[in-house]
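So the structure is just underneath, and the comments pick up after that.
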């Protein structure tokens, strides 16, 4: 516990507290997108607009989580490996487990911050009003829905080259965001591509959050879908990690 | 006394390229071991196997009676590997605090910084330090767990003269405290001075292990230097002489039989000045063994 506390403190300052670009791209940019798309580029009846402002808030919360995990965390883990941090931690009695737990918890914390920032933006600028229970459910499900994305980020971090990681990260983040209906409603996509979008982990959580804010009926497939993604990616992360450890990855040869 | 490190028939290859072949040695508690060899001789690979960061495909390795990488071993281990941890947005003090938190019983970071004269760097960002400063911080991190066994891979690279001197003084202090140290370095004169035993790797094989004096015995060549106006040619034909060179610093003869060469020099004595005779240093023997080639 002492180690995890120290690791959390260490990581919080370097990853969040003193890292302005991470704060901007992961939190402020989705908030700016939210304002742009709900206050400038909008049309429809007052009722449709009110619903859109709530649902789009959920989409940007999920999108923010994607940016945190797939662009921020994946690159952070890769760079920590390149800079020798994970290798050094491997040599210590507590190993790398506290490090990965800390990065995971920080990622979730960032997601909570995203919920707060986007929630405040939606409340202050767009007059969105939700009950305390709804906010709690949003926060809780945003965190659970973030888990498969974090695991995907960990998988991406195994890519050895920063340039490749950046390309692959973009190739996953933006198509997944569009296909799962984070940038605009999924019903606006061609009918043939929608079934693909509806299999994305971000779709399940976004659909769930959208139903929470509109007091809609919760769909069991969203829970199953999220659980399947978490289970599948967890297995993949364990398998790849074991393979890399066996290969002696990150070790300087001489 | 029970050996702290036991290595038996250790072998390792990267693909088809053998890096270590049949390496067997032991290290006793309190010993300082100088692990030397050319670039690519397998020193760092051996350290990585000992640390458990590379899987051991062949042979046996034990540290403190456990396999490499065992958490029981890690609690007693400090390592200073090549390549320092250089993170942005992290200060030296924060790095050392994190390092201290990895151990159940660690040294007090503030005191260690003070002992190693690093207090002035405490609030400096890691990525703003010079190479030598980073090595000193990495050394502090290696010591923070108060380890019984230290692995130091090229610890003084980038350090200025004062920092190197302070480092080697610290090494002697560690020896006095009974710590066991395995150190690789290209600063052979200092290794010769500080190491109790030398492990010499050549082409992945352990070609010598023992005290430096035993290495000298084995390669008992003597170096004779002097100032002389005479040409070098006749000296090259003297008994025992293997090389004779004349440079600005004077004449240098390397001989396998110092006594006979000195007797052969008697007729020339009136033209020889500032004559010195000494056995080859570790660096000389290293050059002799490796043929002076750099990889």
Considering only the range A:11-29, state which residues are without any contact (Cβ under 8 Å) to a residue 12 or more places away in the chain and either assigned to a helix (DSSP H, G or I) or over 19 Å from residue B:85 (Cβ atoms) (or both). A:13, A:14, A:17, A:20, A:21, A:23, A:24
Residue identified as out of contact with any strand residue (DSSP E or B) (no Cβ under 6 Å at 6 or more places or on another chain) and more than 21 Å from residue B:174 (Cβ to Cβ) among B:109, B:88: B:88
Can you list the strands (runs of 3 or more DSSP E) found entirely within the range B:166-217 that contain at least 3 residues being more than 23 Å from residue B:78 (Cα to Cα)? B:205-210
Restricting to the range B:23-60, what's the tally of residues that are over 21 Å from residue B:187 (Cβ atoms), surrounded by fewer than 21 Cβ atoms within 10 Å (Cβ to Cβ) and either within 14 Å of another protein chain (Cβ to nearest Cβ) or in contact (Cβ under 8 Å) with a residue 40 or more places away in the chain (or both)? 11
Within the range A:171-202, which residues are under 19 Å from residue A:222 (Cβ atoms), in contact (Cβ under 8 Å) with a residue 24 or more places away in the chain and assigned to a helix (DSSP H, G or I)? A:176, A:177, A:179, A:201, A:202
Quick check on the range B:81-125: of everything there that is in a helix (DSSP H, G or I) and facing chain A (nearest Cβ under 9 Å), which residue is surrounded by the most Cβ atoms within 10 Å (Cβ to Cβ)? B:99
Would you call residue A:215 surrounded by 13 or more Cβ atoms within 10 Å (Cβ to Cβ), under 30 Å from residue A:42 (Cα atoms) and more than 14 Å from chain B (Cβ to nearest Cβ)? no
What tally of residues in the range B:38-80 results from selecting those that are assigned to a loop (DSSP other than H, G, I, E, B) and closer than 21 Å to residue B:136 by Cα? 1
If we keep only residues of the range A:91-110 that are in a loop (DSSP other than H, G, I, E, B) and at the interface with chain B (Cβ under 10 Å from one of its Cβ atoms), then the residue surrounded by the most Cβ atoms within 10 Å (Cβ to Cβ) is A:92
Determine whether residue B:180 is under 30 Å from residue B:135 (Cβ atoms) and under 13 Å from the mean Cα position of the chain (by Cα). no
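Values in this text are rule-based calculations from the coordinates and carry no lab data. Every value quoted in this text rests on a predicted model; they were computed, and no experiment measured them. Note: ideal-geometry Cβ built from the backbone for every residue, glycine included; neighbour counts use all protein chains shown.
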